[in-house]
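Asks: Below you'll find the structure I mean.
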Amino acid sequence: RFGFGSQSAEMPFSEAVTESLKAAASASGVDLIVLDNRYDAEAALRNAEDFVRNRVDLVIEFQIDQRVAPVLADKIARASIPLIAVDIPHPHATFFGVDNYRVGFEAGEYLAKHAKNEWEGKVGWVLGLDIEEAGPLVRSRVTGAFEAISSRLPSLPAEALVRMDGRGLREKSRQLVLEFLKQHPRDRGILIAAATDTSALGAVEAVRELKREKHVAIVGQDCIPEALQEMSTPRSPLIASVSHETQNYGPRLIHLGLALLAGQRIDPYNYVKHKLVS
């Protein structure tokens with residue numbers, strides 16, 4: 001019996017991971033208990049305590065706040081329950097998720113390519129819509145994007161690269177980008193690297209509200225269905241997203257969990273394949 005703390009039932013990527021995991025658990029004969037962390041640290045801690053009380057054989061944890069990760073992981077470790085952490089590292093846990101720096105770097109490469117092809121390489125600003133609470137590994141998505149853009153557009157000054165804490169949320173990201181664009185009404189050539197597609201879609205709303213589509217290009221992460229639909233819209237500022245191939249999450253997580261329980265040697269970091277979709 002496995003316990004799964006899902007990131008949030010309201011987040012499309014999280015729900016896709018949950019559905020993939022449910023299907024894989026059912027196919028493997030694993031009893032899966034799913035609790036919603038609700039994108040909230042306190043909820044995640046309560047759910048971890050529930051898993052311990054229910055004496056599950058293994059916990060798969062998908063929660064966003066790295067500040068409570070040691071507390072949560074310690075509760076599970078003291079109960080001698082193996083732990084797999086999805087996307088955000090936790091102490092005592094086997095990591096499973098994307099190579100955050102690499103997916104960010106590839107997003108940045110595509111943004112720089114767009115700037116060269118469409119704007120003759122003239123870029124005024126690069127915005128990184130970050131998730132501060134997720135910690136340095138997830139934040140390396142923006143770090144990677146900035147590194148790729150800077151390496152391909154070497155004349156871009158360091159002060160043109162601006163991080164914003166969009167928290168991976170749509171409305172928060174919309175507000176941040178809207179405020180920035182209003183503060184720079186005449187600036188063109190604005191690249192936006194978003195840590196999630198949900199955040200990227202918020203940026204799209206801000207750009208469209210101010211009719212700045214020609215001057216802004218956005219790349220997201222996750223390839224959720226709404227992002228794919230938006231990318232197919234003519235003249236959309238959302239030009240690409242990096243797919244984390246959520247359909248592979250469930251089977252690989254169940255395989256990892258069963259291997260851990262069987263005492264097999266498991267690598268501490270287990271990365272999923274990804275691909276950029278334009």
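Asks: Give me the one-decimal nm value for the distance between modelled label points at Val277 and Gln175, 7 Å along each residue's Cα-to-Cβ direction.
Replies: The answer from the label model is 3.0 nm.
Asks: Still on this structure, please answer the following. Compute the Rg/Rh shape ratio of the chain: radius of gyration over Kirkwood radius, all on alpha-carbon atoms.
Replies: With Rh from the inverse mean 1/r over Cα pairs, Rg/Rh is 1.01.
Asks: With just the Cα atoms defining each centre, how far is the range 1-50 from the range 93-148? Give it in Å.
Replies: 27 Å
Asks: Who wins for biggest fluctuation among Val123, Val30, Val103 in a Gaussian network model of the chain, springs between alpha carbons below 10 Å?
Replies: Fluctuation is largest for Val30.
Asks: Within the accessible area of the chain, what % is carbon and sulfur when the probe is 1.4 Å and the other protein chains stay in place?
Replies: That share works out to 48 percent.
Asks: Can you compute the helix-only [θ] at 222 nm over the chain? Use -39500 (n - 2.57) per DSSP H run of at least 4 residues, normalise by all residues, nearest 500 deg cm²/dmol.
Replies: Here the helix-only value at 222 nm equals -14500 deg cm²/dmol.
Asks: Rank Gln221, Gln175, Gln63 by mean-square fluctuation in a GNM of the chain with C-alpha springs under 10 angstrom and give only the top-ranked residue.
Replies: Per the Cα network of the chain with a 10 Å cutoff, Gln175 tops the list.
Asks: Using only Cα atoms and rounding to the nearest 10 degrees, what angle (0 to 90) does helix 197-209 make with the longest principal axis of the chain?
Replies: 30 degrees
Asks: Let me ask something else. Measure nothing fancy, just the Cα-based angle from helix 41-53's long axis to the longest principal axis of the chain, in degrees from 0 to 90, nearest 10.
Replies: With both axes taken from Cα atoms, the answer is about 20 degrees.
Asks: Per the Cauchy relation, a quarter of the hull surface: what is the mean projected area of the convex hull of the alpha carbons in the range 54-120, in nm²?
Replies: Values: hull surface 22.9 nm².
The Cα convex hull of the range 54-120, projected and averaged over all directions, gives 5.7 nm².
Asks: Oh, and also: Take Ala23 and Arg55, extend 7 Å from each Cα along the Cα→Cβ direction, and tell me the distance between the two endpoints in nm.
Replies: 3.4 nm
Asks: Restricting to lysines 8 or more places apart or on different chains, can you count the pairs in the chain with Cα atoms under 15 Å from each other?
Replies: 4
Asks: Using a Gaussian network for the chain with springs between C-alpha atoms less than 10 Å apart, which of these wobbles most: Ala23, Ala145, Ala73?
Replies: Residue with maximal mean-square fluctuation among Ala23, Ala145, Ala73: Ala23.
Asks: Hey, could you get me the Stokes-Einstein D for the range 1-131, Kirkwood radius over alpha-carbon pairs, 10 °C and 1.306 mPa s, rounded to whole µm² s⁻¹?
Replies: Translational diffusion coefficient: 97 µm²/s.
Asks: Any chance you could list P(r) for the range 1-73, counting all Cα-Cα pairs in 5 angstrom bins from zero, rounded to whole %?
Replies: Per 5 Å bin, starting at 0, the Cα pair percentages come out as 3, 18, 29, 24, 18, 6, 1.
Asks: Moving to a separate point now. For the range 137-251, what is one quarter of the convex hull surface built on the Cα atoms, given in nm²?
Replies: It is 7.8 nm².
The values are calculated or read from the model by the stated rules, or taken from the named source; none is laboratory data. Keep in mind that what you see is a predicted model, and the values were worked out from it rather than measured. Positions of Cβ are generated from backbone atoms using ideal geometry, with glycine treated the same way; all protein chains shown enter the neighbour counts. Only protein heavy atoms, including side chains, enter the accessible area calculation; ligands, DNA and RNA are left aside. Shrake-Rupley method; radii C 1.70, N 1.55, O 1.52, S 1.80 Å.
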